[in-house]
1. How about segment 322-391: which GluC sites (Glu not before Pro) there are in a DSSP loop, with at most 16 other Cβ atoms within 10 Å of their Cβ?
2. Mind running the shape call on segment 30-154? Use the C-alpha gyration tensor, a ≥ b ≥ c as the square roots of the eigenvalues: rounded below 1.5 for a/c, prolate if a/b tops b/c, oblate otherwise.
3. Net charge around Ser230, counting only other residues with Cβ within less than 10 Å of its Cβ (Lys, Arg = +1; Asp, Glu = -1)?
4. Taking amide H atoms as placed 1.01 Å from N in the peptide plane, list the residues 5 or more away in sequence, or in a different chain, whose amide H sits under 5 Å from that of Phe159.
5. Considering only the chain, what is the antiparallel percent among its DSSP beta bridges, to the nearest 5?
6. Determine the dipole magnitude for segment 2-237: charges of +1 sit on the beta-carbon of Lys and Arg, -1 on that of Asp and Glu, nothing else is charged, the reference point is the Cα centre, and the result goes in debye to the nearest 20.
7. For a Förster distance of 51 Å, can you work out the FRET efficiency between the beta-carbons of Arg107 and Gln208, rounded to the nearest 0.05?
8. To the nearest µm²/s, what D does Stokes-Einstein give for the chain at 37 °C and 0.692 mPa s, using the Kirkwood radius over alpha carbon pairs as Rh?
Amino acid sequence: MSIVTVQLGQCGNQVGQELFEVISNDANDTQRKVYSECSSERFFNETANRELVARSVLIDMEPKVISQSIAKTAKSGKWRYGDRSHFSQKQGSGNNWANGYCVHGPRHEEVVMDIVRREVEHCDCLAGIMAMMSVAGGTGSGVGTYVTQCLRDAYPNSFILNHLTWPYGTGEVIVQNYNSVLTLSHLYQLSDAILVHENDTVHKICAQLMNIKHISFRDVNKVIAHQLGSVLQPALTGDSHGVYNRNPIGIDWQVRAPSLQPEGIERTRSHRRPGFNTSLANLLILRGKDVNNAEISGFQHPSLYTPWLPADEAFSMWKTPVPFNKYEKSAILVSNSQTLLRPLDNMVGKAWNMFASRAYIHQYTKFGISEEDFLDSFTSLEQVISSYSQL
């Protein structure tokens, strides 16, 4: 089963390229034939000349990053992007979510969805669609949200995963909190699952674990790609007998918070137990040597999970003796938990303070996003914060 990746904006395209590079390197091993074939089928289309062409669509309102990615992968000789798999214009949407969502998205919907359709038609069996974007930028967040909406309409029965890169807390864009609120509130309703990488957390990995002195965006993107690849590459599910899991993005655990009635949009502080992270569900993926002897009882302890969900239902494990990306052993945990509560609460709070003072609102209303749209988005995310706080 195949995954079609939609790379959106500068961030989505740069992380996407690094992801395909990781997957290509990991799958390029003739001694692991079944694993390699499964990986290649999932992420690449093989041409008559035995070239590997990424099952990916590249979208940006500025051509520079896409042109660089296409040129770089074509020279590598290992894989490349398709000749008609990309769309860009010599016009940026700046950092304004409304311009991307209300103007550029609808204007280019037909051509973008036509490219996606062609890519889907190359798949014998579609496992799902993964959209990769920044949560805070212009094209990545605004156009990305609009494209996700179009994907949901065009493929209502397909699994849609949004991979989001969370901005640095210190701020890359002055309106990043507005963009993030609008993006997350829409994707929460559209997506089957949202997988988040925080730039601040990845930056710490680069500095403290990898000892990189001068950390670049590429360093951060490579760590994100490595972690994402270790989730998406083939692995054995707990109840399958020697059969690789062929739909890694169709994760069958709850991905949304319990629904609560809105209680208005007044900012309230969360009453959480400090230092304790309650989970709705955890997925542990083990790869490499001694996976069958790994001690996993700590991940199954009932105290980790919300009391109304049995631990044996909340915890899943995939494993494979095949090492990942030349690491003898590797483990990764995908967690639907309270981890994002603090950054989400901070981001919504900052956006609300700006909104209350009416800062930069005119930049959004002139493209068609009303103050009521902002209020609806705030209400939606306050419900999410409230629901996860009560786990």
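The values are calculated or read from the model by the stated rules, or taken from the named source; none is laboratory data. Since the structure is predicted, the reported quantities are computational estimates derived from the model, not experimental observations. Glycine also receives a Cβ, built like all others from the backbone with ideal geometry; neighbour counts cover every protein chain displayed. These area figures cover heavy atoms from the full protein model, side chains too; ligands, DNA and RNA do not enter into them. Shrake-Rupley method; radii C 1.70, N 1.55, O 1.52, S 1.80 Å.
1. Glu328
2. Numbers: a/c = 2.29, a/b = 1.72, b/c = 1.33.
Since a/c reaches 1.5 and a/b is larger than b/c, the shape of segment 30-154 is classed as prolate.
3. Numbers: positive: Arg287; negative: Asp26.
Its environment carries a net charge of 0.
4. Ile129
5. Beta bridges within the chain, antiparallel portion: roughly 30 percent.
6. Details: 20 positive and 23 negative charges, 103 e Å.
So the dipole magnitude of segment 2-237 works out to roughly 500 debye.
7. 0.70
8. Estimated diffusion coefficient is 151 µm²/s.
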